[in-house]
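Written below as C-alpha cells is the structure these notes are about.
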Amino acid sequence: PEMCKQVLATNLSHYTKDVGFSYSPFMSILGSGLVTSEGALWKKQRLFLSRAFRIDILDDIMEIAKSAADRLSVKLEKFRGKNIPVEMSEEFRHLAL
C-alpha cells in the first residue's frame, strides 16, 4: 500500500502514462480524457470530475455498470453468426455514457 501511495499520489509527477504504446490501440475510444491525459490537462479534468464525484454513489456504480454491460451483451448477441460488422468504438462510446 505504501508503494502504491507513492506512485499514485505522492510522486505522481515522476511517472508518465505510456500513451504511445499501451493506449494507442484504444485512443479512438478513450480520446484525450482523464485516462490518457497528463499534467495540467489531467489536473483540470480531475478537478472537474472530483466536483461531480460523490463517494455515496459508489455503492450503486457496480449495478449500473453491470446493467450497461448486460444491455450491450444482449445487443451484440443479435449479431452473433450473422457476419455483420459492428462498430465497437461506437458501442463502447454509448456504453461509457
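The values are calculated or read from the model by the stated rules, or taken from the named source; none is laboratory data. Because the structure is predicted, anything quoted here is derived from the model rather than measured. All Cβ positions, even for glycine, are placed from backbone atoms using ideal geometry, and neighbour counts span all protein chains on display. Note: accessible area is taken over every heavy atom of the protein model, side chains too, but ligands, DNA and RNA are not part of it. Shrake-Rupley method; radii C 1.70, N 1.55, O 1.52, S 1.80 Å.
Here are the numbers:
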| item | result |
| --- | --- |
| Residue count for segment 66-89, restricted to those that are among the β-branched types (Val, Ile, Thr) and surrounded by 10 or more Cβ atoms within 10 Å (Cβ to Cβ) | 1 |
| Hits in segment 47-88 - residues which are in a helix (DSSP H, G or I), of a type in the set (D, E, K, R) and modelled with pLDDT of 85 or more | GLU63, LYS66, ASP70, ARG71, LYS75, GLU77 |
| Residue check, LYS44 under 18 Å from the mean Cα position of the chain (by Cα) and of a type in the set (Lys, Arg) | yes |
| Selection status of PHE92, in contact (Cβ under 8 Å) with a residue 40 or more places away in the chain and open to solvent by 70 Å² or more (accessible area, probe 1.4 Å) | yes |
| Output for segment 5-34, where each listed residue is among the aromatic types (Phe, Trp, Tyr) and closer than 16 Å to PHE92 by Cβ | TYR23, PHE26 |
| Subset of segment 18-30 (residues that are in a loop (DSSP other than H, G, I, E, B) and exposed (fewer than 13 other Cβ atoms within 10 Å of the Cβ)) | ASP18, GLY20, PHE21, SER22 |
| Qualifying residue in segment 34-46 (condition: open to solvent by 60 Å² or more (accessible area, probe 1.4 Å), within 18 Å of ALA9 (Cα to Cα), charged (D, E, K, R) and part of a loop (DSSP other than H, G, I, E, B)) | yes |
